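A short write-up of the structure that comes next.
The values are calculated or read from the model by the stated rules, or taken from the named source; none is laboratory data. What you see is a predicted model, and the numbers here were worked out from it, not measured in a lab. Please note: Cβ atoms are built from the backbone with ideal geometry, for glycine as well, and neighbour counts cover all protein chains shown.
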Amino acid sequence: MERVSFHDQIAKNKLKSLLLLISIIIVFAVFGYIIGIIAGPDYFAIIMSISIIISVFYVWFGYYNSHKLALASVNAKPAPESYRQYHHSVEGLAIASGLPKPRLYVMEDNNINAFASGRDPKNAVICVTTGALKKLDKHELEGVLAHEMSHIANYDIRFMTLTAVLVGMIAIISEIFLRSLHFRAVGDRDSKANAIFIIIGVALAILAPIVVSLVQLAISRKREYTADASGVKFTRSPTGLINALKKIKNEHQPSYEQKYHYNKAVAPLFISNPFKKLGGLFQTHPPLEKRIEILERM
């Protein structure tokens, strides 16, 4: 079995995330250029202004309150000092990573899961399920917490927020553009050349939001791989995280009663998708089997 370096994994997945983000920017630029040709610079400036104001305000609110919203959505409570292993593990990882200790929370759920949130290390939180605290041994819990500390260290919330702004702007521009076609005047603008651009513009308005959403999901999956590798960097061993992911993989799917704990908007934050434990093009997380296989090669 060919060995892989966690340094290489971190660098490779960060580069792929950046390239995927650039692809969203390219789609945004091409779409904007086509709309500019069809409607003219003045109309395009109006669309851009509206989309920027709406998307930036919406995401700005979420960005500065992401940890509060995430914790409230799962009814998480501050972790008492009686969870000594939880506190001690995070303190050790904070020293190893050079990060301040995040605020620790616990949510009632028998399944193994955890998430981190916060716009930067100073405002970060980590939340684990009661199932994780009961079912994971010291090294497995440390592996999971190292993964979550890696999301904080890599500023993943900030990176995904930037992605969300761009994706949101494209979706808003597409909606405004498609609706505006009903009010366009028929006249000299409807030349053969302009008709072709309108067809292209409509196709982009329909496809662009779908494409960039898929790219956004791909970025999320790459950030999970990066967090796995960074977690190994902090603990200097992949064994704990491997065994924890295997336990997660072997768990039964959450029941209907358990699923109410999870809001779909918050689900991408978790170490494992609480709604579906498989991978795929429309998933926020890569397959657990693939993650385990890569970790076993480190």
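Looking for something modelled with pLDDT of 90 or more and crowded, with 16+ Cβ neighbours inside 10 Å - is there at least one such residue anywhere in region 55-63?
no
Looking only at region 74-113, which residues are hydroxyl-bearing (Ser, Thr, Tyr), over 14 Å from Val125 (Cα atoms) and touching a residue at least 40 places away in the same chain (Cβ under 8 Å)?
Tyr83, Ser89, Ser97 - these are the residues of region 74-113 that are hydroxyl-bearing (Ser, Thr, Tyr), over 14 Å from Val125 (Cα atoms) and touching a residue at least 40 places away in the same chain (Cβ under 8 Å).
Tell me which residues, restricted to region 214-237, are at pLDDT 90 or above and farther than 20 Å from Phe270 by Cβ.
Passing the criteria: Lys233, Arg236, Ser237.
If you check Val144 against the conditions, is it crowded, with 20+ Cβ neighbours inside 10 Å, without any contact (Cβ under 8 Å) to a residue 60 or more places away in the chain and either touching a strand residue (DSSP E or B) at 6+ places or on another chain (Cβ under 7 Å) or over 21 Å from Ala76 (Cβ atoms) (or both)?
Here the answer is no, as Val144 does not meet what is asked.
Tally up the residues in region 224-245 that are over 15 Å from Pro286 (Cβ atoms) and out of contact with any helix residue (DSSP H, G or I) (no Cβ under 6 Å at 6 or more places or on another chain), please.
3
If you go through region 110-128, how many residues are assigned to a loop (DSSP other than H, G, I, E, B) and either at positive phi or surrounded by fewer than 19 Cβ atoms within 10 Å (Cβ to Cβ) (or both)?
Summing the residues that are assigned to a loop (DSSP other than H, G, I, E, B) and either at positive phi or surrounded by fewer than 19 Cβ atoms within 10 Å (Cβ to Cβ) (or both) in region 110-128 gives 4.
Look at Asp120 and say whether it is in contact with a Phe, Trp or Tyr (Cβ under 8 Å, 6 or more places away or on another chain) and touching a residue at least 12 places away in the same chain (Cβ under 8 Å).
yes
When region 66-109 is examined, which residues are found to be of a type in the set (A, V, I, L, M), in a loop (DSSP other than H, G, I, E, B) and touching a helix residue (DSSP H, G or I) at 6+ places or on another chain (Cβ under 7 Å)?
Answer for region 66-109, where residues must be of a type in the set (A, V, I, L, M), in a loop (DSSP other than H, G, I, E, B) and touching a helix residue (DSSP H, G or I) at 6+ places or on another chain (Cβ under 7 Å): Ala79, Leu99.
Against the condition part of a helix (DSSP H, G or I), under 16 Å from the mean Cα position of the chain (by Cα) and of a type in the set (Val, Ile, Thr), how does Ile152 come out, does it pass?
In short, yes.
In region 68-81, which residue that is modelled with pLDDT of 80 or more and not small (Gly, Ala, Ser) is surrounded by the most Cβ atoms within 10 Å (Cβ to Cβ)?
Here the residue is Val74.
Give just the number: which of (1) at pLDDT 95 or above; (2) touching a His at 6+ places or on another chain (Cβ under 6 Å); (3) hydrophobic (A, V, I, L, M, F, W, C) does Ala116 not satisfy?
Tallying (1) at pLDDT 95 or above; (2) touching a His at 6+ places or on another chain (Cβ under 6 Å); (3) hydrophobic (A, V, I, L, M, F, W, C), Ala116 fails exactly one: (1).
When you look at Val211, is it among the β-branched types (Val, Ile, Thr) and modelled with pLDDT under 90, yes or no?
yes
Can you tell me which residue in region 66-86 is farthest from the chain's Cα centre (by Cα), limited to those that are under 17 Å from His151 (Cβ atoms) and hydrophobic (A, V, I, L, M, F, W, C)?
Ala76
Kindly provide the set of residues from region 201-221 that are among the charged types (D, E, K, R) and surrounded by fewer than 20 Cβ atoms within 10 Å (Cβ to Cβ), ordered by number.
None - no residue of region 201-221 is among the charged types (D, E, K, R) and surrounded by fewer than 20 Cβ atoms within 10 Å (Cβ to Cβ), so the list stays empty.
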